[in-house]
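Following: one structure in structure tokens, then a few remarks.
Derivation of every value follows stated rules applied to the coordinates shown; laboratory data play no part. This one's a predicted model, so the numbers in the text were calculated from it and none came from an experiment. All Cβ positions, glycine included, derive from the backbone under ideal geometry; neighbour counts span all protein chains shown.
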């Protein structure tokens, strides 16, 4: 990872959750109650069961986002580092990564989600960085889509 851009460019605070899967982060976005924390926990469990690469929480609910030369980097908000909401249990403490380069964006409850999305829907540009994207419709389980994106190649 390269050094962040100039100090004048302070990291943006965004509403979202991120997990580091292997060497890259999955950035999970969506409205409140859409399942960001749940998907993060499911990905962590999939990593523990070796369905995907080792997975660690970066941050839940709020992240700091910055860009380097060609990468989007996320970090936990300091006051929330190592905390994740688990519905039915409350706020729980867990291991976390201090930062990660985003490699995939997952948009939950996405209005443009489609069974066979057009190529334009399969990527998003955030702070000038183009990233692969999965748009998940309301009521659809996102875990299989994310696991497929992480473990398969386009046909």
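Observations
- Report summary: the helix-based calculation at 222 nm, which adds -39500 (n - 2.57) for every DSSP H run with n ≥ 4 and divides by the residues of the chain, gives -4500 deg cm²/dmol.
- Summary value for the stretch 12-151: 24 percent relative contact order, contacts being C-alpha pairs under 8 angstrom separated by 6+ residues.
- For the peptides 145-151, 123-129, the ranking by mean Cβ contacts within 10 Å, running from highest to lowest, is 145-151, 123-129.
- Values (1) 9, 30, 33, 20, 7, 1; (2) 10, 27, 19, 11, 7, 7, 7, 6, 4, 2, 0; (3) 11, 43, 36, 10, 0 are given for comparison; P(r) over Cα pairs in 10 Å bins from 0, in percent, derived from the coordinates here, is the one labelled (3).
- Within the stretch 12-151, antiparallel bridges make up roughly 75 percent of the DSSP beta bridges whose residues both belong there.
- Mean Cα-pair separation over length for the stretch 1-91, i.e. relative contact order, pairs under 8 Å, 6 or more apart, %: 32 percent
- In the stretch 60-99, Cα pairs under 8 Å separated by at least six residues give a relative contact order of 34 percent.
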